[in-house]
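The next block holds one structure in the form of structure tokens; read it before the comments.
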Amino acid sequence: MNQSAPSDPFWDAVRRRHQDVTLVVLPPTDPAPVPATREPNAGAEDVQAAAERVVAVAESLWQVAVAVDTPPPRTDVVPAGTPGGVVVTWSQQWVGVPDAAPVSAVAGELNQTVVERGPLSSVQGHAGEHQVVALWSQQHATFTLRVTSAAFEVGRRARTEMLRRGAVER
């Protein structure tokens, strides 16, 4: 048993109990690097403008999918990418949907789609610069639509303030 490495009580006990096993204890490695914060390339006005575009696209897709007026959905700023990055999201859910027709309707409006059919039907794609996910659950008879903007680098302080405020003004 080679004891050239500094002694550690845990590994000493393992070595004593398992003399038939050769243990190699490597020195600790540096933790994975945290993504660097890039220079902010957007401000609150840019994020608000993106929120308005997300809402316009989402409401248009919602009308194509279900054509039902529902309570206003929530539009939020959420963390993304680097420590100073954010995206704007819009999501809405409708319960009592008998089939996957809304998912098919949304799929017809998107570019670069990935469609999955079955008890949990979904479509993922893009409407312009926005990422879109539409889901239908057979078990719960629920249709969900989520639209997300491209990421913005706003800086750590601005991101913290945006996340603290919560929903985007509409």
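The values are calculated or read from the model by the stated rules, or taken from the named source; none is laboratory data. Predicted model, so just to flag it, every value in this text is computed and none were measured. Please note: Cβ atoms are built from the backbone with ideal geometry, for glycine as well, and neighbour counts cover all protein chains shown.
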*Output the residues belonging to segment 117-170 that are among the acidic types (Asp, Glu) and over 19 Å from residue 64 (Cα atoms).*
153, 161, 169
*Which of (1) outside any loop (DSSP other than H, G, I, E, B); (2) in contact (Cβ under 8 Å) with a residue 60 or more places away in the chain is the odd one out, the single condition residue 150 does not satisfy?*
(1)
*Please enumerate the residues belonging to segment 65-110 that are closer than 30 Å to residue 42 by Cβ and of a type in the set (A, V, I, L, M, F, W, C).*
65, 77, 78, 80, 86, 87, 88, 90, 106, 110
*Please give the number of the condition residue 142 fails out of (1) surrounded by fewer than 20 Cβ atoms within 10 Å (Cβ to Cβ); (2) among the hydroxyl-bearing types (Ser, Thr, Tyr); (3) touching a strand residue (DSSP E or B) at 6+ places or on another chain (Cβ under 7 Å); (4) without any contact (Cβ under 8 Å) to a residue 24 or more places away in the chain.*
(4)
*Taking the condition surrounded by fewer than 16 Cβ atoms within 10 Å (Cβ to Cβ), among the small types (Gly, Ala, Ser), under 20 Å from the mean Cα position of the chain (by Cα) and assigned to a strand (DSSP E or B), does residue 91 pass?*
yes
*Spot the failing condition for residue 65; the list is (1) buried (at least 18 other Cβ atoms within 10 Å of the Cβ); (2) modelled with pLDDT of 90 or more; (3) within 17 Å of the chain's Cα centre (by Cα), and only one is missed.*
(3)
*May I ask you to list pairs of residues, at least six apart or on different chains, whose Cβ atoms are under 8 Å apart, with the first in segment 49-74 being farther than 13 Å from residue 144 by Cα and touching a residue at least 12 places away in the same chain (Cβ under 8 Å) and the second being among the basic types (Lys, Arg) and exposed (fewer than 14 other Cβ atoms within 10 Å of the Cβ)?*
51/170; 55/170; 72/170
*Which one is surrounded by the fewest Cβ atoms within 10 Å (Cβ to Cβ), of the residues in segment 45-62 that are of a type in the set (Asp, Glu) and under 21 Å from residue 161 (Cβ atoms)?*
45
